[in-house]
1. Could you list, in sequence order, the residues of the range 284-309 that are more than 15 Å from Thr78 (Cβ to Cβ), surrounded by fewer than 19 Cβ atoms within 10 Å (Cβ to Cβ) and touching a Leu at 6+ places or on another chain (Cβ under 9 Å)?
2. Any idea how many residues of the range 113-136 are of a type in the set (Lys, Arg) and in contact (Cβ under 8 Å) with a residue 40 or more places away in the chain?
3. Only residues that are in contact with a helix residue (DSSP H, G or I) (Cβ under 6 Å, 6 or more places away or on another chain) and among the β-branched types (Val, Ile, Thr): list them for the range 95-111, please.
4. Looking only at residues that are outside any helix (DSSP H, G or I) and in contact with a helix residue (DSSP H, G or I) (Cβ under 8 Å, 6 or more places away or on another chain) in the range 2-29, which one is modelled with the highest pLDDT?
5. Tell me which residues, restricted to the range 67-120, are more than 14 Å from the chain's Cα centre (by Cα), surrounded by fewer than 18 Cβ atoms within 10 Å (Cβ to Cβ) and of a type in the set (A, V, I, L, M).
6. Suppose the filter is aromatic (Phe, Trp, Tyr), in a helix (DSSP H, G or I) and either in contact with a helix residue (DSSP H, G or I) (Cβ under 8 Å, 6 or more places away or on another chain) or modelled with pLDDT of 75 or more (or both); does Phe185 pass it?
7. When the residues of the range 191-221 are narrowed to those that are of a type in the set (A, V, I, L, M) and in contact with a Gly (Cβ under 8 Å, 6 or more places away or on another chain), which ends up modelled with the highest pLDDT?
Amino acid sequence: MAIWIGFIALIFAFLALDLGVFHKKAQAESTSKALLWTGFWISMALLFSVFVYFAYTNGWVANPEGLSGQEAVILYITGFLVEKSLSLDNIFVIALIFTYFMVPKQYQHRVLFWGIVGALFFRGIMIGVGAVLIQRFEWMIYVFGALLMYSAYKMWRSGGDEDINPNKNPLLRLLGRYYPVLKQFKGERFFVRLPTKGRKVWAVTPLFVALIVVETTDIVFAVDSIPAIFAITKDPFIVFTSNIFAILGLRSLYFVLASLLEKFRYLKYSLIFILFFVGVKILLSDVYHLPPLISLGVIFAALTAGVAVSLINAKRAESREEEG
């Protein structure tokens, strides 16, 4: 229990430094600064794998699957890589949400920060519920496998066209019943008090509306990502920590990739393959158990191939434009 409390305290310390020290002022984040933060979060995630090794070698955490330190590290890195890759599709949708609401760049960090805080909370709950379900009903893992394959099919059928329609969001409709929604931004504020008939009432700004849509969208994406991590390992500590570290770097990764998403159009097919691969791996687990190191290699190769093909095609497109 002490290890869990220490990890959660570490995450809160990171978040406090992020918003309270390094991003106190509302300003657009440069790509170079976002790259540095992305490198920081990835470095922290990889550095934590050293702790995972010693924790499982020395028995500092519960080890229901009897993992060695090396096995735990491989599963942790595989889970982190899967969650990080699935978050790329989330970044694309966030970019669409910001475009839809015309959120100024200097306020996007605030939305992403609190969106990530909410994502950490809700994913923690979903991971806890998933762990209990798998422990009590072992057949639930096959439901997760089928869900992943269905998610891969949906992503393939969508063809990359995302439908962002806030008018269909039930939370926004519920919010509109109790609070007036402003049409103009009020700096980086989520709420303002307006004088109405001799008294002041609270109203929400478009920035808060964008936050609600980002948060509910992440919950939808978690329906894909949470089963994916449970397909790799059922160990609660590895599932939770790898997922949290993947989410922590989402804000900085957004500012790095938001302007480059069009160049990585084939990366979506890598994500489709990863979801399908992990789903099949679950459904065939009783017939053949694929070694974790091979799973890690397959996932890494799929991501590398998606990036490489995307960059090659983007370069060819630029060459054709120059020739034209």
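The values are calculated or read from the model by the stated rules, or taken from the named source; none is laboratory data. Being a predicted model, the structure only gives us computed values, none of them experimental. Positions of Cβ are generated from backbone atoms using ideal geometry, with glycine treated the same way; all protein chains shown enter the neighbour counts.
1. Leu284, Val307, Val309
2. Selection size over the range 113-136: 1.
3. Ile97, Val103, Val111
4. Among residues in the range 2-29 that are outside any helix (DSSP H, G or I) and in contact with a helix residue (DSSP H, G or I) (Cβ under 8 Å, 6 or more places away or on another chain), the one modelled with the highest pLDDT is Glu29.
5. Correct list: Leu96, Met102.
6. Criteria not met by Phe185.
7. The selected residue is Leu211.
One line per residue, one yes/no per condition, for (1) modelled with pLDDT of 85 or more; (2) acidic (Asp, Glu); (3) more than 24 Å from Val52 (Cα to Cα); (4) crowded, with 23+ Cβ neighbours inside 10 Å:
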residue	(1), (2), (3), (4)
Ser225	no, no, no, yes
Ala228	no, no, no, yes
Pro236	yes, no, no, no
Thr241	yes, no, no, yes
Ala246	yes, no, no, yes
Arg251	no, no, yes, yes
Leu260	no, no, yes, no
Lys263	no, no, yes, no
